[in-house]
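Values in this text are rule-based calculations from the coordinates and carry no lab data. Remember, predicted model here, so these are calculated numbers, not experimental data. Cβ atoms come from the backbone with ideal geometry, glycine included; neighbour counts cover every protein chain shown.
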């Protein structure tokens, strides 16, 4: 996938988060803060992180996924976004999430109570320098019911602090529960080529039927999760990559996008070169035969 000029996010097409049009290739901000997720690893170089964000927007990316709890010893993803892009362009959609809680030292606490969510929303607003949030995802923290938490966010939506709501790390029953309370514009779940997931597949289908965006995270990292991208790849991934002159990461992103027109990719990186490669994956068109080979490989993974 070599080209004289960088491929832009337009190549992947668009979808809507409610009334907000977004490119299907977005950007996940978690890795901006350091060499590993959250407070682990070496803090990022500030200038490089800002350069990545500005290059993402220059490449047509208009959907950035972040959170106030994305911070390392020296860096905050929200603060970097605000510094690099503020005041944000009108067409830039920033999605954040609430639910998990970290103290100032980076240690994880218990899940936020419903009455604490307003404070977490306001913290995102302060860090991003905004008077409302485009999209807020409720990240489920293993609770059996999300009704009380999602209801608290629905109240903040009615108050004008939030434009649209989503849910994250949920099962199909939680999406149904949320839809009884307020509209849901996206579902953000872990979902990857090397992770067979019947519940995830059901959610993906349900979202497609309802016009809800399905937003996988760790789709490139796979088993590496928050530690970073996997170092080895299934032979089928490597074979498809060779056939297209692409990288395995590009094949994984392309497979994700091929799961349906409502599927959005949010690969994250702290490196401009990797960013350009990730965005270019939106132009990679896999054949029916290649998709079948990758789907068969996924069925035997785990």
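Using alpha carbons only, how many angstrom separate the centre of the stretch 170-192 from the centre of the stretch 47-69?
Cα centres, the stretch 170-192 to the stretch 47-69: 26 Å.
Across the chain, how large is the tail of the calculated P(r) beyond 33 Å, expressed as a percent of all Cα pairs?
Here the long-distance tail beyond 33 Å is 18 percent of all Cα pairs in the chain.
Please list log₁₀ I(q)/I(0) at q = 0.12, 0.20 Å⁻¹ for the stretch 120-187, using the Debye equation with identical point scatterers on the alpha-carbon positions.
-0.28, -0.75
Given Cα pairs under 8 Å that are at least 6 residues apart, what percent is the relative contact order of the stretch 30-159?
Value for the stretch 30-159: 22 percent.
Name the residue, out of 28, 245, 282, whose mean-square fluctuation peaks in a Gaussian network model built on the chain with Cα pairs under 10 Å.
Judging by the Gaussian network model, the answer is 245.
Can you pull the one-decimal nm distance between simple spin-label points at residue 295 and residue 116, each 7 Å off the Cα toward Cβ?
4.3 nm
So how much slack lies between residue 171 and residue 103, counting 0.36 nm per residue of separation and subtracting their Cα-Cα distance, in nm?
Residue separation times 0.36 nm, minus the Cα-Cα distance, leaves 21.7 nm.
Under a point spin-label approximation (7 Å from Cα along Cα-to-Cβ), what is the residue 272-residue 158 distance to one decimal in nm?
4.8 nm
How large is Rg over Rh for the stretch 76-158, taking Rg from the Cα atoms and Rh as the Kirkwood inverse mean of 1/r across Cα pairs?
Ratio value, two decimals: 0.98.
Specify whether the C-alpha gyration tensor of the stretch 45-90 places it in the rounded, prolate or oblate class, a ≥ b ≥ c being the square roots of the eigenvalues: rounded for a/c under 1.5, otherwise prolate if a/b is larger than b/c and oblate if not.
prolate
Relative contact order for the chain using alpha-carbon pairs under 8 Å, separation at least 6, rounded to a whole percent?
Once divided by the residue count of the chain, the mean separation gives 21 percent.
Tell me the relative contact order for the stretch 151-302 as a rounded percent, counting alpha carbon contacts under 8 Å between residues six or more apart.
Relative contact order comes out at 21 percent.
In a solvent-free Debye calculation with one equal scatterer on each Cα, what is log10 I(q)/I(0) for the stretch 58-122 at q = 0.14, 0.25 Å⁻¹, listed in the order of the q values?
The computed values of log10 I(q)/I(0) come out as -0.49, -1.15.
Would you list 197, 144 from fewest to most Cβ contacts within 10 Å?
144, 197
Could you rank the peptides 178-188, 108-118 by their average count of other C-beta atoms within 10 Å per residue, with the highest value first?
In descending order of packing, they fall as 178-188, 108-118.
How many angstrom separate the Cα center of the stretch 263-279 from the Cα center of the stretch 120-143?
Taking the Cα centre of each part, the stretch 263-279 and the stretch 120-143 sit 23 Å apart.
Give the share of C-alpha pairs in each 5 angstrom bin for the stretch 117-266, from 0 to the last occupied bin, in whole percents, shortest bins first.
2, 9, 17, 18, 17, 14, 11, 6, 4, 2, 0
Place a point 7 Å from Cα of residue 148 in the direction of its Cβ. Which residues in the stretch 97-113 have their backbone N less than 11 Å from it?
The answer is 113.
Taking square-rooted eigenvalues a ≥ b ≥ c of the alpha carbon gyration tensor, is the stretch 249-302 rounded, prolate or oblate, where a/c under 1.5 means rounded and, failing that, a/b exceeding b/c means prolate?
Prolate, because a/c is 1.5 or more and a/b exceeds b/c.
Would you mind ranking 277, 209 by Cβ crowding within 10 Å, fewest neighbours first?
209, 277
Where a ≥ b ≥ c are the square roots of the eigenvalues of the C-alpha gyration tensor, would you call the stretch 1-115 rounded, which needs a/c under 1.5, or, failing that, prolate if a/b is larger than b/c, or oblate?
Because a/c hits 1.5 or more and a/b fails to exceed b/c, the stretch 1-115 counts as oblate.
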